[in-house]
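Each remark here refers to the structure printed beneath this line.
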Amino acid sequence: MFSRHTTTALAINENEERLLADVKVYLQKLAPKSERYLHNDLHLRDVPEDEPINAHSHLMAITLSTTEVIPVVDRKLALGTYQSVLLFELDGPRKRTVLCQVSGD
């Protein structure tokens, strides 16, 4: 699986409400929105007028991953008991695209 966006990320982990809240807090500590980032100096970049102030989102995405490889066994994703495929929206909401490629025998 592949996320086609620089401010989203994929992960395989437990889809549990409190864990997801912990992940959010963890990422916000790593890349606080209130921090000063060069990427957010829009007047120094050639960008559209509606360009978002989102350096923190890019940094969070870099910390995670845009790809996940998941085995398929008997036409089903071979995930563990508590595993789910998670898409982290780090700069939205907005329409997103995730690609899925199946290969093998």
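The values are calculated or read from the model by the stated rules, or taken from the named source; none is laboratory data. Here the structure is a predicted model, which is why all the values come from computation and not from measurement. No Cβ is skipped: glycine too gets one built from the backbone with ideal geometry, and neighbour counts run over all protein chains shown.
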(message) Being among the aliphatic types (A, V, I, L, M), over 22 Å from residue 13 (Cβ atoms) and modelled with pLDDT of 95 or more is true for just one of 62, 70, 53. Which residue is that?
(response) 53
(message) Could you check segment 21-51 and list, in sequence order, the residues that are surrounded by 14 or more Cβ atoms within 10 Å (Cβ to Cβ) and without any contact (Cβ under 8 Å) to a residue 60 or more places away in the chain?
(response) 31, 37, 39, 40
(request) Output the residue which, of all residues in segment 6-62 that are small (Gly, Ala, Ser) and over 25 Å from residue 97 (Cβ atoms), is nearest to the chain's Cα centre (by Cα). (result) 21
(message) So, in segment 73-94, exactly how many residues are among the charged types (D, E, K, R), modelled with pLDDT under 95 and within 20 Å of the chain's Cα centre (by Cα)?
(response) 1
(request) Provide a single number: the residues in segment 1-48 that are part of a helix (DSSP H, G or I) and of a type in the set (Ser, Thr, Tyr). (result) 1
